Every structure is written in structure tokens, then in C-alpha cells.
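The values are calculated or read from the model by the stated rules, or taken from the named source; none is laboratory data. Small disclaimer: the values here were computed from a predicted structure and weren't measured. Every residue, glycine as well, gets a Cβ built from its backbone with ideal geometry; the counts of neighbours run over all protein chains shown. Ligands, DNA and RNA are excluded from the accessible area calculation, which covers all protein heavy atoms including side chains. Shrake-Rupley method; radii C 1.70, N 1.55, O 1.52, S 1.80 Å.
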Amino acid sequence: MISVKLPDGSAKELSDGASAADLAKSISDGLARVAVAAKVNGAVVDLQRALPDGADVQILTKKDAEALDVLRHSAAHLMADAILRIFPKAQLTIGPVVDDGFYYDIYLPDQKITPDDFPKIEAEMAKIVKAGHPFVRCVSDFNEANEFYQRYKAIDGGHNKFKQELVGGIKDRGEELTFYKHGDFIDLCRGPHVPDTSWLKHVKLTKVAGSYWRADAEREQLQRVYGTAFFSKNELEDYFKFLEEARKRDHRVLGEQLELFFMDEDAPGFPFFYPKGATIWHLLVDFMLGNLRRRGYHEVKTPLVLSEHMWHTSGHYDNYMENMFFTKMKLRDEERPEKVNENVDEERPMAVKPMNCPGHLMLYRTRLHSHNEFPLRIAEMGLVHRRELSGVRHGLFRVQAFTQDDAHHFCTPDQIKGEIGMLIDFFKEIYGAFGLTDVHIELSTKPEKAIGDAGVWEKAEAALKETLEEKDIEYQLNEGDGAFYGPKIDFHIRDSLKRSWQCGTIQLDFSMPARFGLVYIGADGQRHTPVMIHRACYGSVERFMGILIEHFAGAFPLWLAPLQVQIIPVSEKFSEYAKLINAKLVEFGLRSEVNFKDDRVGYKIREASLQKIPYAIVLGEKEQEAGTVNVRSRDKGELGEMQLDNFLSGIEEWKK
RNA sequence: GCCGGCGUAGCUCAAUGGCAGAGCACUGGUUUUGUAAACCAGCGGUUGCGAGUUCGAAUCUCGCCGCCGGCUCCA
């Protein structure tokens, strides 16, 4: 007999060699039916595995997050089996679980797997599901003569050097070599898996993409087939509904439909803003500037271009060169004026700024500072340019030029915690103003490519940790993810679809002030090097705008709506009255216009709705006679006829 | 940058080797309109750019540019 401990603390006696499946059955038949896998001493294993005496055991059902991973990993095997049946030359590599599904990387240099193949693959998968093959764990040794090893090698021809490499790694680490088989298919795998293939009814392939063996661009190119799996049809359908909803909110699509911005192939990664988009951009900037002024920031403007020399001083040249735009001249040849010499170096080469900090450092050092001015907060809506690889550009989210709501705090070492604490509260308040209240914080530490000495890094990291802990804020630690000049705190916010976006950042810098020779006169009358804090709340104004477009699905709250009211005269006869009302609305401070087009009211209402304008005001004979307005709200439908003053006073309330 | 897919009117898309088309938008007209699409007409194109194959290329081939999906997850 063995005894195992259940999550509720109780013990259960089982016969020797009993499995988690036996345990589940001994608890209840119902549990046995829904059991997916088991957690034994903290590790997720198959239900069929024999339980060790004295183990802590938890039966996992579809309600447990780990169970979904097990299901999806099994689905990856299922897909691999089906793909091998259709593409016999395919060589399997790895097939892990990812956030919203799974993938399998496949080496198949002479053939392409495309979404057109999905129906075939899925049909094959359905057959295997129907057969209900049990997943069987097969333990092998490293002798290739082993039965399972042999069977496995027969699966993809025995020439699969990728799996051989993996087996080598397992051997080197001294781990157990296991295969999992279902039906005739067998694959190198650590497991665990669901009991049998009939669990995999709700599986769908989603996309194909390229990848590399070991994520190394120098190695073999693989084809990555993505899929997802759920325990129920409903969950699978909900997932696709979510994707559909996200697609409808795509800021690139809404950006065109709502006339906010556009891209042109002659300016890749450089967005153009239409008047409506520019309005939102300015609203975001004005909102931020007001908040900065209230907190004692000083707004400055620094140049877009600095000498290359300055970028050597700052360390950007060495650490960020690939992402910078450099200036080169084109000169007519002195001998042959028709010839143009390309890419001529300037005597003093210049570079476009990818960050604002050097400019702020140069500004700081123009005069002597006292500790009495500290903390000194210098802010700039700084336009920066960063070269990005062509394949990574994406709408407003990844561009080559954007405006940072950037600021640098100069302070004494003992002011650091106060500044960090202030910033955390400040940033959360800003996000809250947009209804973005789900914020989580990550702390990133020293990367491989770093400047400054190790002791300084440790001090900086400790300062950030202590502040977070003293404020009792939960955070995630990302080792090695810091900026090259210092550790940082990043703010991640979840939008209305629960998607996470990184926005704000607070970065400590104990290096750059020294590189630029910055000093302040301390209370002791001596010169000291100030501490510098880099910080941005939106991060990029343009990107933040993209996030807001998706968060609100283009239906901006009144204060952010580029056009707040559109007036719709019932016919041309009421144009004058419409102009009069519009003038009053504009006078009141609203962004309002009249739709003078010769269309039916219904058509104009439709257009106003599609443009997601918060209020449409219909004006006709009745309203003109009575001196009233007839209001339709985007969110609440028709509000009916009312006095203009009532509309205006109601707006304060309605906009919430 | 790499892999896969794609690029036709401002937008969404059709035409698969044989005369470049439709709807919306836009312009003009009719209509004078009452809460999600009135009617008629017109304008709109070097089919991303450049070479090649062909009697003939939007369509096939090659190169370039751009866009879309991926490229952290290690059985």
C-alpha cells in the first residue's frame, strides 16, 4: 500500500503501483471522467503514471490552467501525425504550447504547407480523434536498437537530425528518454498528455509562419504551423469571436475608416495624420503637458539632429547604431557636374536622434546646478527616429518616427525613491483617465550589453526594488532585460479586450551624467554627479493613440473624440439655423460641424454613426420654430428635442 | 533582415494568357429630404516599380519596393 496527500490535506491509501487515474476513480467516477492529468509533487504528469508513496497529488481537470497546456501539447502531436500522413517527407522538430495555442516547427525544404492545406490536415486529425487512440508513454534508453527508438525512427525516415540533436541534449543533461505514441504515431516527447485522442475534438489550425531551428537565422529554415485547442466547442468559438473582435478593432483599419491617419509606401513606418488624427494627437499631448506642469516639470525643445561625436559620448553609437539614421551628402562631381557622388561623408557627420536624453544632458550642463533645484524635471515631447527592420513595422505600434512624452529627472541619490514613487502614482493616474486601470509592472535588470560598473548597477536595481516593495506593488522580474545604461521599471496595461501593452517606462541611469560631465553643487559645497531618471508615460504618443483606438474600438469618449458633434439639417432650408447652433457649440468649446450635404437625414445619421461621432443634432422645422435642438447620442440613441442649454449642461453628465 | 502570403480606381474586391470591370467614395444634376444607404449621369487606371518569356502579360519568370502573418517560448 502507498499513501498520497490530496490538496485539501487529506491522505488517501492506494495499492502499490496505483496511478493518478486510479486515485481519481477512487475519489469519484465523475472525477475520473473529467481528469486530464495530475500534478505530482509540483510536476504535471500523465494520469497513467504510477504514484510514488507519500506524494502530494492533485488531479487536474479542464478548469486548471495546466490542463489546457496538456491538451494543447497533445493537439500538437495530433497535428504532427496528420501532417506526416499528408506530407510524408516532413521532418518534425519541436512542437510546444504557446499563449493561445500550440505550434509545430517542421522541416520540409521542398514543399510548402499553406492555409489551403488546413482542411486536409484537419480532416486527417478528425479521423485520429475519432479513433480515440490512447497516448502511451514509452521509456527508452539511448541505444538506437531500443524498440521505441526504432519505431520512432521509422516515423520520419530516420534522417531527422533535429530530433537527433534533441536526443543528444537529453543524454547530456542525463534526463530520461521518453517517446509518446498514439496509434501508429510516435514522437520524442517529455509529456504529459491527455489520456487519449478523443479529448482533441476542439482543435483548429490557425496560421503558418517561418521560423528557424533553435531560433537561429543562420540555421535551417522551418515551417511553423500554428493551431489552437480547447476543451469545449464554446471555448473554441469564443476564441475565434475574440480574434474577430480584435480584427474589427485593428487600429490600422479604423485609422482609415475614421480618417485618423494613413501610411504611404514612400514613407514606410512614418504615419501621416489626417486632421482628425492630429486632433487626437494634440489632445493627448495637451493632456500630458497639463499634468507635467502641475508636477513642476519644465518643458524644453532640443534638436532632431546632433553630431555623431555626441552619440559616441552618450554610448548610443556603440549600443544603438543599427537603429539610427545617419546623414550622408550627395554632391555633384567637381569635374563632371552631371555626375552625382552618392553617400559622401560630411566632415562632421551628424545623426538623427533615436532618444532625447543627450539633448537634455547638453541642456543641463550649460550652467551650474545646485541641489536646491532638485529634483529637476525636464520634459519634452521629443520626436525620435529609429530604423526598424522592414518585417517588424506595424501600423502605429511599430514605426520609424514617433513622439516620446519624454522627461529626465536630475536628483540626488537619496531623492531616487521619492521620484520613483511619485512617477508610479502619476502614471497610474494618467492611464486611469483613459479607463486603463489594469496595470502591471515589470522590473528589468542588467543586460549583457551594458555600460557602467557592476556596483552601480546593483545600487540602481536595489533602489527600484526597494521602492516597489515599500509601495507594496507586485511586479514581475525580467533578468537581463534592462536598457544598456540602467535598470528599468515598465508599465504594462490591459485594454478592453484584456490584451497587454507596454507603455510607460522608468529607467535609472548612473552612467550618462558622468559621461557628459554633469555636476551639481551639494549641501557640502562640493561638486557631485547627479542621478538621472529617464521616464515616459505614454511611451510613444502615436503608439498610445493606436492602443486607444483599439481599446475604444474607435468610439472615443467625448473629450477625445476628434469631432464631438455633427449637426444635420433636415434640408437646405435649415442651413442658417444649423450654422447658428454650430456657432454656439463651437463658442462653448465643442468640436462641432454642420453636414451641409444634400442627403437624406437617414443617410447622414448612418454616416455620423459609422464615424462614431458622439452626438448628432438633427435640425428641421420644429426645432427652428421652437429654437431647440434634437439630439441623438452615439451610445444612447435618440435623446429627442431639447433646449440647447440643456444639451450643453447635460454633456458634462453624459460624457461619463 | 529571414520565411510564407499578398500588391488591380481613394476604399472593398472581380477579371488566370486574348478589349481592365463592379459597388462605395468623389463630381454634376434631379430631389428639399425627420433618425443607419433617394434617383440619374459623369470622373476615375503606365494593374506597386523594372526587366524577361510570348503574336499577345493584371495573369507566366526574375529582380527591387511596399503591405500582411510570423521569426522569445526549445522533446
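The residue list A:THR366, A:THR412 contains one member that is open to solvent by less than 40 Å² (accessible area, probe 1.4 Å) and of a type in the set (S, T, N, Q), which is A:THR412.
Across the stretch A:209-227, the number of residues qualifying as closer than 20 Å to A:ALA90 by Cβ and more than 7 Å from RNA strand B (Cβ to nearest atom) comes to 7. Taking the criterion of being farther than 15 Å from A:MET79 by Cβ, out of contact with any Leu (no Cβ under 8 Å at 6 or more places or on another chain) and assigned to a strand (DSSP E or B), the only residue of the stretch A:204-223 that qualifies is A:GLN221. Applying the criterion of being within 13 Å of RNA strand B (Cβ to nearest atom) and in contact (Cβ under 8 Å) with a residue 40 or more places away in the chain to the residues of the stretch A:575-602, the residue that is farthest from A:VAL253 (Cα to Cα) is A:TYR577.
For residues that are more than 44 Å from the chain's Cα centre (by Cα) and among the small types (Gly, Ala, Ser), scanning just the stretch A:568-609, find the one that is farthest from A:ILE651 (Cα to Cα). For the stretch A:568-609, the residue satisfying everything is A:SER571. Take A:THR206 and decide whether it is under 27 Å from A:ILE128 (Cβ atoms), within 15 Å of RNA strand B (Cβ to nearest atom) and crowded, with 17+ Cβ neighbours inside 10 Å. For A:THR206, the condition - under 27 Å from A:ILE128 (Cβ atoms), within 15 Å of RNA strand B (Cβ to nearest atom) and crowded, with 17+ Cβ neighbours inside 10 Å - is met.
Answer with yes or no whether A:ARG348 is open to solvent by 10 Å² or more (accessible area, probe 1.4 Å), outside the structural domain of A:GLN507 (by TED's automatic domain parsing) and in contact with a strand residue (DSSP E or B) (Cβ under 7 Å, 6 or more places away or on another chain). Criteria met by A:ARG348. Identification of strands (runs of 3 or more DSSP E) wholly contained in the stretch A:490-574 with 1 or more residues that are small (Gly, Ala, Ser) and either within 16 Å of RNA strand B (Cβ to nearest atom) or open to solvent by 10 Å² or more (accessible area, probe 1.4 Å) (or both) yields A:500-509, A:531-540. Based on what the data block shows, is A:GLY101 within 16 Å of RNA strand B (Cβ to nearest atom), under 34 Å from the mean Cα position of the chain (by Cα) and farther than 24 Å from A:ASN160 by Cα? Taking the combined requirement at face value, the residue satisfies it. Would you be able to say whether some residue in the stretch A:144-165 is out of contact with any strand residue (DSSP E or B) (no Cβ under 8 Å at 6 or more places or on another chain) and within 12 Å of RNA strand B (Cβ to nearest atom)? Within the stretch A:144-165, one or more residues are out of contact with any strand residue (DSSP E or B) (no Cβ under 8 Å at 6 or more places or on another chain) and within 12 Å of RNA strand B (Cβ to nearest atom). Quick check: anything in the stretch A:635-642 among the basic types (Lys, Arg) and at pLDDT 95 or above? No, the stretch A:635-642 has no match at all. For A:HIS73, the conditions (1) open to solvent by 10 Å² or more (accessible area, probe 1.4 Å); (2) part of a strand (DSSP E or B) all hold with the exception of (2). Among the candidates A:ALA578, A:ALA561, A:ALA583, the residue that is touching a strand residue (DSSP E or B) at 6+ places or on another chain (Cβ under 8 Å) and at pLDDT 95 or above is uniquely A:ALA578.
Look at the stretch A:6-34: where a residue is outside the structural domain of A:ASP56 (by TED's automatic domain parsing) and part of a loop (DSSP other than H, G, I, E, B), no partner that is open to solvent by less than 40 Å² (accessible area, probe 1.4 Å) and not hydroxyl-bearing (Ser, Thr, Tyr) sits 6+ places away or on another chain with Cβ atoms under 8 Å.
Taking the stretch A:603-643 as the range and being open to solvent by 20 Å² or more (accessible area, probe 1.4 Å), away from RNA strand B (no atom under 11 Å from the Cβ) and not polar (S, T, N, Q) as the test, the residues that pass are A:GLY627, A:LYS636. Scan the stretch A:280-299 for residues that are open to solvent by less than 70 Å² (accessible area, probe 1.4 Å), farther than 27 Å from A:GLU388 by Cβ and either in a helix (DSSP H, G or I) or not assigned by TED's automatic domain parsing to the domain that holds A:LEU361 (or both) and the total you get is 5. Quick one: is A:ILE186 open to solvent by less than 40 Å² (accessible area, probe 1.4 Å) and under 30 Å from A:PRO115 (Cβ atoms)? Yes, satisfied.
Matching residues to (1) within 14 Å of RNA strand B (Cβ to nearest atom); (2) under 30 Å from A:ARG247 (Cα atoms); (3) open to solvent by less than 20 Å² (accessible area, probe 1.4 Å):
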position	(1), (2), (3)
A:GLU373	no, no, no
A:MET381	no, no, no
A:VAL384	no, yes, yes
A:VAL392	yes, yes, no
A:GLY395	yes, yes, yes
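In the stretch A:418-443, the residues that are assigned to a strand (DSSP E or B) reach residues that are surrounded by 13 or more Cβ atoms within 10 Å (Cβ to Cβ) and of a type in the set (Phe, Trp, Tyr) with C-beta atoms within less than 7 angstrom, at least six apart or across chains, in these pairs: A:VAL439/A:TYR431; A:VAL439/A:PHE491; A:ILE441/A:TYR475; A:ILE441/A:PHE491; A:GLU442/A:TYR475; A:LEU443/A:TYR475.
Any idea which residue in the stretch A:403-416 is farthest from A:ALA460 (Cα to Cα), counting only those that are part of a helix (DSSP H, G or I) and at pLDDT 90 or above? Across the stretch A:403-416, the extreme among qualifying residues is A:GLN415.
Taking the criterion of being touching a residue at least 24 places away in the same chain (Cβ under 8 Å) and either more than 30 Å from A:SER511 (Cα to Cα) or outside any loop (DSSP other than H, G, I, E, B) (or both), the residues of the stretch A:319-358 that qualify are A:ASN319, A:TYR320, A:GLU322, A:ASN323, A:PHE326, A:MET350, A:ALA351, A:VAL352, A:CYS357, A:PRO358.
For the stretch A:145-155, the criterion of being among the acidic types (Asp, Glu), touching a residue at least 24 places away in the same chain (Cβ under 8 Å) and exposed (fewer than 14 other Cβ atoms within 10 Å of the Cβ) is met by no residue.
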